[in-house]
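Presented below is the structure to which this report refers.
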Amino acid sequence: MRFTIGDIAAALGATAFGDAELSVAGAAEPASAGPDDLALAMDPKYAEGLSQGRARAAIVWDGADWQALGLEAAIVVPRPRYAMSGLTRLMDPGPEIAPGIHASAVVDPTAEVGEGAAIGPFVVIGPRARIGAGARIASHASIAEDAVIGDHALIHSGVRIGARVRIGARFIAQPGAVVGADGFSFVTPEKSRVEEARHARGQEVGARNAAWTRIHSLGTVEIGDDVEVGANSTIDRGTIRATRVGDRSKLDNLVHLGHNVVVGEDCLLCGQTGIAGSTVIGNRVVLGGQVGVTDNIFIGDDVVAGGGTKILSKTPAGRVILGYPAMKMEQYLEASRNWRRLPRLFEDVRALKNPVSLRDEDD
Amino acid sequence: MRFTIGDIAAALGATAFGDAELSVAGAAEPASAGPDDLALAMDPKYAEGLSQGRARAAIVWDGADWQALGLEAAIVVPRPRYAMSGLTRLMDPGPEIAPGIHASAVVDPTAEVGEGAAIGPFVVIGPRARIGAGARIASHASIAEDAVIGDHALIHSGVRIGARVRIGARFIAQPGAVVGADGFSFVTPEKSRVEEARHARGQEVGARNAAWTRIHSLGTVEIGDDVEVGANSTIDRGTIRATRVGDRSKLDNLVHLGHNVVVGEDCLLCGQTGIAGSTVIGNRVVLGGQVGVTDNIFIGDDVVAGGGTKILSKTPAGRVILGYPAMKMEQYLEASRNWRRLPRLFEDVRALKNPVSLRDEDD
Amino acid sequence: MRFTIGDIAAALGATAFGDAELSVAGAAEPASAGPDDLALAMDPKYAEGLSQGRARAAIVWDGADWQALGLEAAIVVPRPRYAMSGLTRLMDPGPEIAPGIHASAVVDPTAEVGEGAAIGPFVVIGPRARIGAGARIASHASIAEDAVIGDHALIHSGVRIGARVRIGARFIAQPGAVVGADGFSFVTPEKSRVEEARHARGQEVGARNAAWTRIHSLGTVEIGDDVEVGANSTIDRGTIRATRVGDRSKLDNLVHLGHNVVVGEDCLLCGQTGIAGSTVIGNRVVLGGQVGVTDNIFIGDDVVAGGGTKILSKTPAGRVILGYPAMKMEQYLEASRNWRRLPRLFEDVRALKNPVSLRDEDD
């Protein structure tokens, strides 16, 4: 597939300079771009790269003298990072899934598959499931009984959608994602050692756990519109009510949402983050990679947590946090700088306590 | 499916009040319950919810005046959390897997499938594998050669059971779980930099690794009775002996057990926890979410580790721990409170070292 | 399959003593070895185990008196751990995948499958994909359009190889690994709160995110020769260029590589480690379990990071690190020892500030 510079500029709402009819087949970094590539030179630091590569057209930084850079055509964009979204959406061929339902797929006769859907090899769609119009479901995915998936979903290979899960429009699931596994919820006939430890805040506790008895998950998972779930991520169903993910929230790879968790709207949960059961995450929350959030707490709107943060208690809206346990980011960074200075501090205090011996050493 | 209040009370070993013949179709939180739902109002705080919802029957707290709450029937339970196990087991419909072996499944002629088993679409069962009676295996699962799985297993979609793995009765595997991947074990012809670094405890070490050579995993995985493994969790086979999980232990989603690991009985390993190779975990150990345990150590019976704990050394039985590196929970929480006070402490010590300048500032 | 002691010794480049024609069927730990097992007694501490077991042959430590140990045959190796690689490679039967292409597999007519390949049930190979000679692909794996996989690959069940991914020779992918998921890259029309927070280093920032817009991943994943990827690990494709893994690097289970990440040669990335987008990892880097590396930084050659390390900034070559945030290993261990002594230090400083009250208490 080829794209003219004029078409690309139009898609980005940007201005084209030079030969708007020049066409490219893809995008590349300036130094490795060939004559068929659109070079991405959105910063002056790429000027040298442009001269090393062979691009004839580029997206350039505001103010660039594209002709002096040896280009035949150029596009200027005000916010380069945002332009990447339009450009890559235009050029992404998406996965090849043949239209219609592959002969090998097992689609229950009571299931409904929307118009224009593309269902790949070895897909299983269970009884009474409903798949929206224009949905694309790649090989080996399974959609269990009574699940509902909105229009224009893109479900990659090997994704598992559990029974009764309800998902909105334009859902994207990367390979291996699991939506609707059973929650991890076990109870003992008598109060368990863990329950006691929580109250004792770390005091030794004596009782022994009896065998764990399973609490089954009768609830489901409800996912809003425009949600994306990363590769091999897992979302457990709720116990009674549903585990929920709000509109436009995005989960990266290997993310775990426990039972009854509520994630608000417009959140980003980066790779390997985990949210324990019944915790509620506000709107526009951004959790970096490997963040952990304990169970049964609230994380306010607009919280930003740096990579690796372990959130052990309720966090007010707007807080920018880091660390284990989570603190205000600046506070944790200062603390970690201070850790390095502790040996000297102990030394100083020892000297202050023993002024005479200090004087002796100084001799 | 419908359940009478009398039947539910009997299943819970609890007492029914009012119309024991009243039937419900499911359970719900009080405020959102409809007339066909059993409301779960096990705490006085739910009284208001009951008046907002439309439930005619509820499980109520001990001492509740169910008639004054407008109910037609009620069940009183002594330990509400434990009652959830009986109630949800009764009401869980489980996954729909048609009885018998689906026409698309590939079952090796030398494999044995027990009586009453239900094998879903696109399941693969390898040579000489043995599947117990009443087992349910959902779509896309694979059971490799010579694996043995006990009676009444529930294996969800896309689960991978490797060659020669042996699993007891009533096993539950959530979607995407992998039991019997190869261990992660590599060696260099000469002593590697990592081996040196371990001994040098962080001193710079000079030697360079040669290329890593693979140690294959000849061992298998042995899993006891009543074990559950979460979605997309992974358990590696042992090098020579077996990696082991004891009876009644439960693993949450995205948990990793390295080669040769031994997990005792009645353990709970929460989401994203990882145990490195050859470590031995005692009985009744509870590891919170994202806990990490280094290789080749022992964790004693009844240890409880809070979320995110990184256990870098042997831990005695009964310890309640938190932090990185793991400490007694109270000790780590105190340490983290002290981190916040460090800037002031440095200030104080500076002042003590320079009494004159302090006096100047005080003027 | 059986192996003579002479053959095993030859495979290890080691010396056989006693009856070189004696054959064994497998390897075992000394105490549990039967008469058909080769006992692994590479350290004098196993002498007792040998007498408990029934092995007739063993690999013994340098200097062992094998006849006094009651053995009929013995092999002596200089570096036991390294000998394990040769022994286990010899004895590993590997997965049973029947030669040829299973009748149920869906192989696109435009795909090329190399000579001697074994393709299991329900495998899907997409348009124009190229699979090398001698490759083994287990059940339920999918290889998307235009992907290239080198000779002698071993791809376990349920592995997902995305479109246009390029992989070298002798690749091993454990079950459920995903290579070529889309990157996690989102942008807002205006500068987002997260971008601001990065610059403000944790100061409260006021702006709210608008909805996230997706940056599609046009790049692919390029993997060198002799690479192994663990069970349920995920590697995202690059945005424009490729995400890369160098020759001979090994990834454990549940590892996550973000978009544009470059991992050098001869690296080991242990279980549940995650590398955020665009970060570059040098050669011979060893990252322990659950290590996290932030985005857009460089990790120098030969860095070794202990389990759980969170690397938030550029790390020079050769550094041995631990902690959150990462420090030199010895420094973090010292810091954590000091945390425990902080309560006493606060006490001391309080006393120094109030010499009179201290004297009072001493009375």
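Brief remarks on what is shown
- Percent RCO, i.e. relative contact order, over region C:187-332, from Cα pairs under 8 Å lying at least 6 residues apart: 12 percent
- Averaged over the residues of A:244-252, the number of partner chain Cβ atoms lying within 10 Å of the residue Cβ comes to 3.
- At 7 Å out from Cα toward Cβ: A:ARG340 inter-copy label distances (nm, ascending): 2.4, 2.4
- Separation between Cα centres of region C:34-57 and region B:294-318, rounded to whole Å: 31 Å
- Check: the protein assembly as shown dipole with +1 on Lys, Arg Cβ and -1 on Asp, Glu Cβ, in debye: 1240 debye
- Local electrostatic count at A:ASP43 - Lys and Arg +1, Asp and Glu -1, tallied over other residues with Cβ under 15 Å: -1
- Antiparallel DSSP beta bridges within region C:3-91, as percent of all bridges there, nearest 5: 35 percent
- Phi to ³J(HN,Hα) by Karplus 6.51 cos²θ - 1.76 cosθ + 1.60 over region A:26-42, Hz, x for Gly, Pro: x, 10, 7, 6, x, 5, 9, 6, x, x, 9, 9, 8, 7, 9, 10, 8
- Under the Debye formula (equal points on every Cα, no solvent term), log10 I(q)/I(0) of the protein assembly as shown at q = 0.06, 0.07, 0.09 Å⁻¹: -0.49, -0.66, -1.08
- Over chain B, relative contact order from alpha-carbon pairs under 8 Å, at least 6 apart, %: 6 percent
- Translational diffusion of region B:116-168, µm² s⁻¹ [Kirkwood Rh, Cα pairs; Stokes-Einstein; 10 °C; 1.306 mPa s]: 152 µm²/s
- Here's how it looks for C:GLY26: its modeled amide H is under 5 Å from those of C:LEU38, which are all 5 or more places away or on a different chain.
- Summed side-chain charge close to C:ALA105 - residues other than C:ALA105 whose Cβ falls under 15 Å, Lys, Arg +1, Asp, Glu -1: -1
- A cut-off of 5 Å between modelled amide H atoms, ignoring neighbours fewer than 5 places along the same chain, links A:LEU154 with A:ARG136, A:PHE171, A:ILE172, A:ALA173.
- When all alpha carbon pairs of region B:143-197 are counted in 5 Å bins from zero, the resulting P(r) reads 5, 16, 20, 19, 7, 6, 8, 10, 8, 1 %.
- Low-density loop cleavage sites - GluC sites (Glu not before Pro) in region A:96-149, where at most 13 other Cβ are within 10 Å (DSSP): A:GLU115
- In percent, rounded to a whole number, the relative contact order of region B:99-186 is 20, using alpha-carbon pairs under 8 Å and six or more apart.
- 3J(HN,Hα) along region A:105-117: 5, 10, 10, 4, x, 8, 7, 10, 10, x, 4, x, 6 Hz, from the Karplus curve 6.51 cos²θ - 1.76 cosθ + 1.60 with θ = phi - 60°, whole Hz, x for Gly and Pro.
- Reduced Cα scattering model of chain B, Debye log10 I(q)/I(0), q = 0.08, 0.09, 0.13, 0.14 Å⁻¹: -0.60, -0.72, -1.10, -1.16
- Distant-in-sequence amide H partners of B:LEU268 (H built 1.01 Å from N, under 5 Å): B:LYS250, B:VAL285, B:VAL286, B:LEU287
- With the alpha-carbon atoms of region A:3-91 aligned to their principal axes, the span from lowest to highest coordinate is 27, 23, 20 Å, starting with the largest.
- Counting Cβ atoms of other protein chains within 10 Å of each Cβ in B:214-223 and taking the mean gives 5.
- Mean per-residue shielding of peptide B:325-331 is 5, counting Cβ atoms of other chains within 10 Å of each Cβ.
- Computed [θ] at 222 nm, helices only, for chain A once each DSSP H run of length n ≥ 4 contributes -39500 (n - 2.57): -5500 deg cm²/dmol
- Counting charges near C:GLY6 (Lys, Arg +1; Asp, Glu -1) among other residues having Cβ under 10 Å from its Cβ returns a value of -3.
- Kirkwood-type hydrodynamic radius, region C:255-327: 11.3 Å, calculated from all non-identical alpha-carbon pairs.
Every read-out reported here was derived from the displayed coordinates using simple, explicitly stated rules and does not represent laboratory data. No experiment lies behind these values; they were computed from the predicted model shown. Using ideal geometry, Cβ is built from the backbone for each residue, glycine included, and neighbour counts are taken over all protein chains shown.
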